[in-house]
Structure formats: structure tokens, C-alpha cells
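Scroll down for the structure; my scribbles are underneath it.
The values are calculated or read from the model by the stated rules, or taken from the named source; none is laboratory data. Everything quoted here is computed from the prediction, not taken from an experiment. Here Cβ is always computed from backbone atoms with ideal geometry, including for glycine, and neighbour counts include all displayed protein chains.
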Amino acid sequence: MRFRRHARLLVMCVRRELQRTPQRTFSSSRVSHNGYYLLLPAVPPDTEQSNPLLRTDREPQYDIISDKNVLSGLGKIAINYESAFYQLEEDIKKSPENATFEAVFDPLDRLNHTLVHAFTTAKTLSCGKTSPQLEDALLQSEQAVYRCRCLPNSSQTLFKAVKEIAKQRDLSEPQKRVVSRALLEARLNGAELSQQDHNVYQSILATLSEKQQTFRSRLVKSSAQFSSSILNPAAMEEAPLSVLGRFGRDPADSTRMSVTLKTPVYDAFMMYCRDSKMRRDAWQAFVGRAGFRDADLNNSLIIEDIRLMRSKEAKLFGYENYAELSMETKMARSVKHVMTSLSELTLPSKVKCQSDLVELQDFANKSGFNEDLQLWDMAYWRRKQREATFQISESEVQSYFQYPVILEQLFQLCKDLFNVTIKESNGALVWHRDVKRYQIFDEDDREIAGFYLDPYARPGQKGLMPRLELGQSKSVAAGSLPLASLLFSFQPPNASNPSLLTYEDVNVFFEKFGSSMQHLLTTMPYGDISGTNNVEWDALHVCGSTMRMLLQSPVVLKRLSRHIDTGKEIPDDLVRRLYQSEKHLSSLDLLSEMYFGILDLSLYTKTDFWLDITKDVWRNMMPFALDKRDSHPCGFAHIFIGPYAAGYYTFLWSEMVAADVFAAFGEAGFTNDKALRQTGKLFRDTFLSLGGGCHSAEVFRRFRGRDPSPQALLRLYDIV
């Protein structure tokens, strides 16, 4: 199962959250259109000739961009953006009758293209060529970039013009989508509030920000308090050397091992430590972070404050609760729909989970463990049972997955399914010699998009996490084609062998590549709705997950494989064991993911004390009793300080929708070339083409002819 555990989930996609307008800070002055003096920073002297980051009408020149270019370049672009936007406001006010769709949104598209091109170029460079100076330059520039992106949502002049444009009867479907997006974002930023209510709204945001800072600070301090030395190194002897490195262990000095609550360390410890008492101590510390153990660092009342502020915000905008407000940007459209769909998953998952846990308990007992399994035992005994049952050697699996073969077959799969051709570009300006630039051509041999691919690990030079950076979007007004960058940390090739990927590497590669396809194969002409822009949050991962799920077809997996020595495909028996190992105890994973999603929605629909809600949801969902020392919501950062308030279910929803999409490929048949091409074409014409230009629920109906069914997910993970 590839559901994201709440403890390791990275906060991302912030740019897709409805923007909040920050307070502006300026440093020099001019008279604005409303008569007030605005303070503006001094304009950097950079030009296109002196600063390559400003050359936003062409491919990024990654090989010559410096951290100084980033800081001054983004500063100048932000100032130019604000000046141009204020001029657009003046033009609209002078001639409101001329404020057509093209007159308003084409200039905005061009402004956004310049800003996004420069910022994503700098961000991609920082991912692929890490340096403290570059990261600092980006950090200093983020607020100015964010302020620019917020300007359209806070403009009364623009809001009034767009409301008039919405009355026009000759708007195309994409244009209607652009208009509805602009109106919704403006409305949820207070465009329709009275001055008194707007002041209340700003007070709510200020209080919310203060409480979130307190939540974050207490969680960080509480997490840092726990550090336990592993006095008995034998407890970790089952861990491979690569894992032991996470504990700062010197192979020549076993006394240097210790466990902390940092996610990579904690997860590895719970999986490999064979001492149940040590696991219990670490688990209690983890689920007790910022809880009731330390009154000075307790987030309990902060949770209530955050819930109260979001409830007030929702009611200010006319919603019954914050979850109802959140549904404005979701495919599911209502909390009731989410709960109904999740209820279809609950009972089968509970039945399967009870059976799975009985088998796990029996396995642990036969292995010499004479106690009842507890939550802190799950990771360890799951691994032990999985290894004993399926007997998969990672090195054996890797020997079948050569990166050059996988890349070649992935491109061919895109040709077969989506009728696009991917070719390597020559002479591209890149940030490292390993990076390749590719062009995508349609069936008429027209270039429609491009992407960079940086596959190999470079310790100390780039991050370890796989990244998909979406660059410029398709925009007719700006004359731009979509651009993306994919960065991985696969094992580099050596003198005798190519890069060999693990099965997990292959899954990650396909998922990131699938997500990039939605950005790159869009046909929407406006940047604000092309690709993943404006896609509902709970449908954001559908394309990536669908592409990953294609690997569940033995036909697809075998075509990617070629043994490094014999050249043979991966054998059927190993494929079967890989699939079974991947789905091992998936019922518990599914219940856990549903629990966190329902807990989140319940906290933002109900008014009871958070602990009472937690106990109630836990009792209905989880197969274990809630430990009295467990206060895990006090560390549930994603819904209290991250962008997933009343939206944590979105990961599960995307997985559910993707499973139904994947089922359509299975129904076509992976050996039926004609039917498979037809399904691939339909997928391209809907999910990949329409992106944010059509509501995701309607996109799915155009693909499947009905609404999504939760049953596909249950079948995919062998729960029914």
C-alpha cells in the first residue's frame, strides 16, 4: 500500500490552496490608484542581458544562473508584476466597458507566466544543485512572489470586472472555468465582505497564524525532547547497514546508536528493533508529542483555538462549518458524499483486517513472541511476517530493473497509450551532466511540451526525496508550452553496470511521471487552468496514482524488466510475490488512512472536545483500543498548521478514483492492444487534457460514464 502516513507526509501543493492575502510590507513610496502612498522596494538594476533568470521567453539557462541572479531577479520580477497589475486595474477602471475576457485574463496570464517561469526555474535549480546561498535567496524571495500571486484575489476592481464577464453568454468552457475560479478565490478572500466583516476576517487570520505558530513550536520542542540511546546494539542487528546509518552509527563503534522521533529514524527503529519494550517507549513518545505529559508544551487547548478560528471563518463566509467551506475546492463536493463513500470501504476492511491480525498474531506466537500484539509491535512483526512469507531479495529484484530499459519502455508505453513521442533534446542548458532534456511531440509531430529528467543520487549536491517541479504552464497568451522537471535519487551507474532500481523506485518513477503527464499533455489554453492548476484537491494525485497502478499489470511490469546478466524478463513467481508483499496487511493501512481522514472531517464539523471526537472515531475505525497515553492529534500538523484542514481525506480519495480509472484499463485488457489504445486515448482526452479546465467529477464521468466506485480500491488491494 502506498497511502501516506500522517507522520511522514510532506506538506506540499500550497500554491493550489486558495490564497490568503498577506499584509504588505514596502520600503519606498509612490501614490497608488486609490490615493494612498504605497511603499515599494528599490528596483534592482538587472536586465535580461545581465541576469539570465529574467529571460522568461525561452528555456531556462540553468548552467549560468547564480544565487545572486535569483535574489535580484525575483525581486525585479515581483516589482514589475505589481506595477503591471496596478496598471491593469487603472485600465479597467478607466474603460470598464472594454473589460472583456481577453482584455482582463490575457495580461494576467502573461504576468503569471513570467513570475512562475522565474520562480520555478530557481526552485528547480535549488533542488538539483543544493547550496545554502541558493536556498537563502529563494527564502528571501518567497514572500514577494506570494504577494504577487495574491494580488488578483484581493482586487475589488478585478472582482467587479470578472463578475461582469461571467454574465457573457459566449464564453467557452475553459473560459467559464477561469472565471469561476477567479470569483471563488476572490470571494473566499473576502471580496464580498463588508468593511466591518473584513476587519473581523483579518483578525481571525492573525489569531489563527499566532495559534499555528504556537502549535508548531510546541510540537518541535516536544519532539526534540525524546532521544534514547540503544544500550543493547543486538536489538538492532536485523537492520541492514544502510538503515543503521540513520542512527548515526559508526560501524566500528556500536555505542553511538540512538533513536529520536525524526521520521526516518523513528520508522526504521519501529521496523527493525526486536525489543518490544524499547519499541513501546519510542511509540509512546511519538504519539504523546505535545500532549498531556508536559503542560508547558501541551497543544490541547491550541487545537481548540484553531478549530474555533476556522469555524468563525467559515460562518463569516456563510458556511455551516469549516469542512463545508473546504468542500468548495474538492471533487467530492460534500462531507456527506465523502462519508458515504468511505463507509463502503469500512466494513470489508474491518473484516479483512481482523483476519489478517489473527494470522499476524499466530505468526508472532510461533516465532517466540508470547504477548498480545500492540500498535508498537505492528511495524516490526509485519516486516518479519512479510519477509518470511514472500522471501523477496531486493538485490534479486533490482537485477531485473535497469534504468535505461525502464526509461525506454516507459516512453514506448506513453506512445502506445497516449500517442505521443518523447525525444531527447541536444544541447540543453542543464544544472548537471546527468540531467537530460526531453521534448514531447503529438501525433502530428508538433512539439507540445518538454521536461528535464535528473535520475541519479548526488549526496551533498541534491536532496534525497523524489521531486516533481512543475515549471511554466501552457498559455496561448504568453506563447508558452508546458515544462516540468523530475528529480530522483536512483543508484548511479558504474563502470560495469547501469543504474539498477528497486521495485519501490519503479513505483515512485511511474507515479511522478504520471503526475507530470497531466501538466505536460494539457490542451487548456489558459495558465490558471492548464495541467494540475485548478484541479480539485482530492483529484490532484489521480493521474500519478493511475500511472503507478499500471505496474499492477504483469504485462506492463514484465515489459519493463530485463535481467542484467541473462536478459530475461522477471519470472511470474517473483511478480506474484512482489504483488502479495506490497498488499500485505493493506487492510490495516486502509483503515488507518480512513481513520485520519474521518477524524479530520469530524474535528471540523463537530463542536465536541477534540479528545471526545478522537475516542469516538477511533472506536468506530481502529482494531486496537486507544491507549490512554495516546494524544496523537496534538501532533497532527497537517490539519492544524498545514494546508490539509478538512482535506486529509484527499489522498485516499485520489487513490480511490485512480483505482477505478485503472480498472478501466484492466477491463480493456492489457493484451488487447486496440482496446488498450482506446482506453489510453480516452484517459488522455479527459484527465490529461482537461486538467483544471473542467470539474474533476465531470472529468471522471466523461472517462467512465458514471461516478467513481469505492469497490475498485477494495479489489485492487485484495480486500474483497
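Inspect region 396-403 for any residue being modelled with pLDDT of 95 or more, over 20 Å from residue 239 (Cβ atoms) and in contact with a Pro (Cβ under 7 Å, 6 or more places away or on another chain) and give the result as yes or no. Yes: one or more hits. Looking at region 611-645 only, could you name the residues that are of a type in the set (A, V, I, L, M), assigned to a loop (DSSP other than H, G, I, E, B) and surrounded by fewer than 21 Cβ atoms within 10 Å (Cβ to Cβ)? Of everything in region 611-645, those that are of a type in the set (A, V, I, L, M), assigned to a loop (DSSP other than H, G, I, E, B) and surrounded by fewer than 21 Cβ atoms within 10 Å (Cβ to Cβ) turn out to be 622, 625, 626. Restricting attention to region 458-480, the residues that are surrounded by fewer than 20 Cβ atoms within 10 Å (Cβ to Cβ), at pLDDT 95 or above and small (Gly, Ala, Ser) total 2. Among the numbered conditions (1) within 15 Å of residue 514 (Cα to Cα); (2) of a type in the set (A, V, I, L, M); (3) not in a helix (DSSP H, G or I), the only one that residue 430 does not meet is (1).
Restrict the check to region 481-501 and report whether at least one residue is crowded, with 21+ Cβ neighbours inside 10 Å, assigned to a loop (DSSP other than H, G, I, E, B) and not assigned by TED's automatic domain parsing to the domain that holds residue 439. No, there is no match, as no residue in region 481-501 is crowded, with 21+ Cβ neighbours inside 10 Å, assigned to a loop (DSSP other than H, G, I, E, B) and not assigned by TED's automatic domain parsing to the domain that holds residue 439. Could you please let me know if residue 90 is within 27 Å of residue 155 (Cα to Cα), of a type in the set (D, E, K, R) and touching a His at 6+ places or on another chain (Cβ under 6 Å)? Yes.
Residues that are surrounded by fewer than 17 Cβ atoms within 10 Å (Cβ to Cβ), under 23 Å from residue 528 (Cβ atoms) and within 24 Å of the chain's Cα centre (by Cα) within region 181-214 comprise just one, 184.
Candidates in region 654-686 are the residues that are part of a helix (DSSP H, G or I), of a type in the set (Ser, Thr, Tyr) and surrounded by fewer than 22 Cβ atoms within 10 Å (Cβ to Cβ); of these, the one that is nearest to the chain's Cα centre (by Cα) is 686. Does residue 650 meet the test of being hydroxyl-bearing (Ser, Thr, Tyr) and under 21 Å from residue 293 (Cβ atoms)? No: the conditions fail for residue 650. The single condition among (1) among the aliphatic types (A, V, I, L, M); (2) farther than 30 Å from residue 489 by Cα; (3) in contact with a Leu (Cβ under 8 Å, 6 or more places away or on another chain) that residue 103 does not satisfy is (3).
Inspection of region 104-123 identifies at least one residue that is in the same structural domain as residue 45 (by TED's automatic domain parsing), of a type outside the set (Lys, Arg), touching a residue at least 24 places away in the same chain (Cβ under 8 Å) and more than 30 Å from residue 159 (Cβ to Cβ).
Is it the case, given these coordinates, that residue 444 is over 27 Å from residue 53 (Cα atoms) and either touching a residue at least 24 places away in the same chain (Cβ under 8 Å) or in a loop (DSSP other than H, G, I, E, B) (or both)? Yes, satisfied.
Taking the criterion of being in a helix (DSSP H, G or I) and either surrounded by fewer than 17 Cβ atoms within 10 Å (Cβ to Cβ) or in contact with a Pro (Cβ under 7 Å, 6 or more places away or on another chain) (or both), the residues of region 362-377 that qualify are 362, 365, 366. Taking the criterion of being touching a Leu at 6+ places or on another chain (Cβ under 6 Å), outside any helix (DSSP H, G or I) and surrounded by 23 or more Cβ atoms within 10 Å (Cβ to Cβ), the only residue of region 290-338 that qualifies is 290. I'd like to check something: does region 576-598 contain any residue that is assigned to a loop (DSSP other than H, G, I, E, B), of a type in the set (Val, Ile, Thr) and touching a residue at least 12 places away in the same chain (Cβ under 8 Å)? No, every residue in region 576-598 fails to be assigned to a loop (DSSP other than H, G, I, E, B), of a type in the set (Val, Ile, Thr) and touching a residue at least 12 places away in the same chain (Cβ under 8 Å). Does at least one position in region 648-657 carry a residue that is of a type in the set (Phe, Trp, Tyr), at pLDDT 95 or above and in contact with a Pro (Cβ under 9 Å, 6 or more places away or on another chain)? Scanning region 648-657 turns up at least one residue that is of a type in the set (Phe, Trp, Tyr), at pLDDT 95 or above and in contact with a Pro (Cβ under 9 Å, 6 or more places away or on another chain). Restricting region 569-591 to residues that are touching a Phe, Trp or Tyr at 6+ places or on another chain (Cβ under 8 Å) and over 24 Å from residue 363 (Cα atoms), which is surrounded by the most Cβ atoms within 10 Å (Cβ to Cβ)? Among those residues, the one meeting the criterion is 570. For region 532-555, does any single residue satisfy the condition of being more than 20 Å from residue 338 (Cβ to Cβ), surrounded by fewer than 17 Cβ atoms within 10 Å (Cβ to Cβ) and of a type in the set (Val, Ile, Thr)? Scanning region 532-555, I find at least one residue that is more than 20 Å from residue 338 (Cβ to Cβ), surrounded by fewer than 17 Cβ atoms within 10 Å (Cβ to Cβ) and of a type in the set (Val, Ile, Thr), so the answer is yes.
Within region 524-535, none of the residues are in contact with a helix residue (DSSP H, G or I) (Cβ under 9 Å, 6 or more places away or on another chain) and closer than 28 Å to residue 622 by Cβ. Give region 391-401 a look and list any residue that's out of contact with any helix residue (DSSP H, G or I) (no Cβ under 9 Å at 6 or more places or on another chain) and crowded, with 18+ Cβ neighbours inside 10 Å, or say none. Within region 391-401, just 399 meets the criteria.
In summary, residue 699 fulfils each of the numbered conditions (1) over 28 Å from residue 581 (Cβ atoms); (2) surrounded by fewer than 21 Cβ atoms within 10 Å (Cβ to Cβ) with the single exception of condition (2). Residues that are touching a strand residue (DSSP E or B) at 6+ places or on another chain (Cβ under 8 Å) and under 24 Å from residue 452 (Cα atoms) are absent from region 133-141. Tell me yes or no: at least one residue of region 178-191 is in a helix (DSSP H, G or I), farther than 26 Å from residue 330 by Cβ, out of contact with any strand residue (DSSP E or B) (no Cβ under 9 Å at 6 or more places or on another chain) and not aliphatic (A, V, I, L, M). No, because not a single residue in region 178-191 is in a helix (DSSP H, G or I), farther than 26 Å from residue 330 by Cβ, out of contact with any strand residue (DSSP E or B) (no Cβ under 9 Å at 6 or more places or on another chain) and not aliphatic (A, V, I, L, M).
Among (1) touching a Phe, Trp or Tyr at 6+ places or on another chain (Cβ under 8 Å); (2) over 21 Å from residue 185 (Cα atoms), where does residue 118 come up short? Going through (1) touching a Phe, Trp or Tyr at 6+ places or on another chain (Cβ under 8 Å); (2) over 21 Å from residue 185 (Cα atoms) one by one, residue 118 breaks only (1).
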